[in-house]
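Worksheet: one structure, shown below.
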Amino acid sequence: NSVDLLKVSSTVAVMNSETEGVVEEPRCASCGITQGDDIKLMKCTACKLAQYCSVACQKEHRPKHKRECKRRAAELREELLFKQPESTHLGDCPICLLPLSNNQDKNTTMVCCVQVVCRGCALANDQREIRESLERKCPFCRHPIPKSQADIDKSIKKRAEMDCPAALRMIGDECYTKGDFGSAFKYYTKAAGLKDAQAHYELSNMYYEGLAVEKNEKMENHHLEEAAIAGQWEARYNLGNDEGNKGNIERAVKHYVIAASHGDDDAVDALRKGYRVGQISKEVFAAALRAHQAA
């Protein structure tokens, strides 16, 4: 019997060594067909796990896949929501390539191309033009700076017609200021559809206030999350407040820490209060302070 057991063990070992490192070919989760030159499998857009050879197979497999799909999709969303963005939604100055400040007084929006540049690059360009008696031009696109409000409006409108998200949002801001909330909502929605983080944030406020739309907490949170994922620190701070009000302290702290790393002072104040009452450890608070100072 011991000899037979040794033979079986040896056989299993050989089988394991032969199959080790072998990657199973992708198969359709419904019909089982493997991917080939004439068969291209497509991943489920929600969970990124199941693959299908056709829409028909995907629909047929949906009842069996639905529960696991929702669970995995929720996990992916959570990972994305709390992933530290590389920068704020403002990104880098297109000229010096340094991160743009969250202090808007240190940035300049060029109305000709609606590109945001840092104040240092804008000032350097202004000084050069004055010193050399040159016509005022944009430091980024090099086009002449519009001289009248009518020219500015015309330039922004032209950019909006080209589906520039920043221009669409700027028109939305103007409509909002005038009290035309319906038009503001329309422009913000279009800009948000083009992945403008600030437009998502403005939409969250409109859903919160019930301006041009009914108050909707679900839609408010959706737009806050989209803005926060893109690095909009005010949206991130508001998410922290929402979680804190619900008693989800751990999630609130995560949001505040990310907002603080983008230079948000309100988030640091919230973390300081949490530290004083023992909700946040010294290590977490100290790390958040260092990230805030480095922003």
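The values are calculated or read from the model by the stated rules, or taken from the named source; none is laboratory data. Small disclaimer: the values here were computed from a predicted structure and weren't measured. Glycine also receives a Cβ, built like all others from the backbone with ideal geometry; neighbour counts cover every protein chain displayed. Each accessible area value is taken on the protein alone, full model and side chains, heavy atoms only, with ligands, DNA and RNA left out. Shrake-Rupley method; radii C 1.70, N 1.55, O 1.52, S 1.80 Å.
Over the chain, average the accessible area per residue using a 1.4 Å probe and give it in Å², no decimals. All intermediate terms of the calculation are to be shown ahead of the outcome.
Numbers: 18560 Å² over 295 residues.
Per residue, the chain has 63 Å² of solvent-accessible surface.
Here the label points at LYS195 and ASP92, each 7 Å from Cα along the C-beta direction, are separated by 1.7 nm in the simple model. The average projected area of region 33-96, computed from the convex hull of its Cα atoms over all directions, is 7.5 nm².
Using a ≥ b ≥ c from the Cα gyration tensor of region 102-179 (square roots of the eigenvalues), is it rounded, prolate or oblate, where a/c under 1.5 gives rounded and otherwise the larger of a/b and b/c decides, a/b for prolate?
Working: a/c = 2.22, a/b = 1.62, b/c = 1.37.
Judged from the Cα gyration tensor, region 102-179 comes out prolate (a/c at least 1.5, a/b above b/c).
Over the residues of the chain, the helix contribution to mean residue ellipticity at 222 nm works out to -19000 deg cm²/dmol, using -39500 (n - 2.57) for each DSSP H run of at least 4. When you filter the GluC sites (Glu not before Pro) in region 66-140 for DSSP loop state and at most 14 other Cβ atoms inside 10 Å of their Cβ, you are left with GLU86, GLU132, GLU135.
Run through every distinct alpha carbon pair of the chain and return the Kirkwood hydrodynamic radius in angstroms, one decimal place. Before the final figure, lay out the partial values.
Values: mean 1/r = 0.0425 Å⁻¹.
Computed over Cα pairs of the chain, the Kirkwood hydrodynamic radius comes out at 23.5 Å.
When the pairs LYS106/LYS178; LYS137/LYS186; LYS106/LYS254 are compared against a 29 Å limit on Cα-Cα distance, LYS137/LYS186 fall above it.
Among residues other than ARG290 whose Cβ falls under 13 Å from its Cβ, what is the net charge (Lys/Arg +1, Asp/Glu -1)? Spelling it out: positives minus negatives among the neighbours equals 0.
Kindly provide the trypsin sites (Lys or Arg not before Pro) of region 47-101 that DSSP labels as loop, not H, G, I, E or B, and whose Cβ sees at most 10 other Cβ atoms within 10 Å.
On the way: sites: LYS48, LYS59, LYS64, LYS66, ARG67, LYS70, ARG71, ARG72, ARG77, LYS83; in loops: LYS48, LYS83.
Answer by residue number: LYS83.
Starting from the Kirkwood Rh over alpha-carbon pairs, what translational D in µm² s⁻¹ does region 68-121 have by Stokes-Einstein at 4 °C and 1.567 mPa s?
Stokes-Einstein gives a translational diffusion coefficient of 97 µm²/s.
Other residues with beta-carbon under 10 Å from the beta-carbon of SER261 carry, at +1 per Lys or Arg and -1 per Asp or Glu, a net charge of +1. Largest accessible area first, the listed residues HIS89, HIS222, HIS255 line up as HIS222, HIS89, HIS255 when surface is computed with a 1.4 Å probe on the assembled protein chains. For region 201-254, averaging the sequence separation of C-alpha pairs within contact (under 8 Å, six or more residues apart) and dividing by the residue count gives a relative contact order of 24 percent. Ligands, DNA and RNA left out, the accessible area of the chain computed with a 1.4 Å probe is 52% carbon and sulfur. Placing one equal scatterer on every Cα of region 58-202 and applying the Debye formula, the log10 ratio I(q)/I(0) at q = 0.12, 0.18, 0.19, 0.21 Å⁻¹ is -0.66, -1.12, -1.19, -1.31. Relative contact order for the chain: 10 percent, from Cα pairs under 8 Å spaced at least 6 residues apart, divided by residue count.
Only Lys, Arg, Asp and Glu carry charge here, each on its Cβ (+1 for the first two, -1 for the last two); on that basis the chain has a dipole of about 200 debye about its Cα centre. Quick check on region 228-295: what does the Kirkwood estimate of hydrodynamic radius come out to from the alpha carbon pairs, in Å? After inverting the mean inverse Cα-Cα distance, the result is 11.4 Å.
Could you work out the relative contact order of region 52-192? I mean the mean sequence separation of Cα pairs under 8 Å and 6+ apart, divided by the number of residues, in percent.
Answer for region 52-192 is 13 percent.
Counting only lysines at least 8 places from LYS43 when in the same chain, those with an alpha carbon closer than 24 Å to its own are LYS59, LYS64, LYS66, LYS70, LYS83, LYS195.
Taking all protein chains together, GLU25, GLU234, GLU202 sort by accessible area into GLU25, GLU234, GLU202, largest first [probe 1.4 Å]. Straight-line reach from LYS40: taking Cα to Cα under 20 Å and skipping same-chain neighbours fewer than 8 places apart, the aspartates and glutamates in range are GLU24, GLU25, GLU60.
The slack in the chain from LYS273 to ALA286, taken as 0.36 nm per residue of separation less the alpha-carbon distance, amounts to 3.4 nm.
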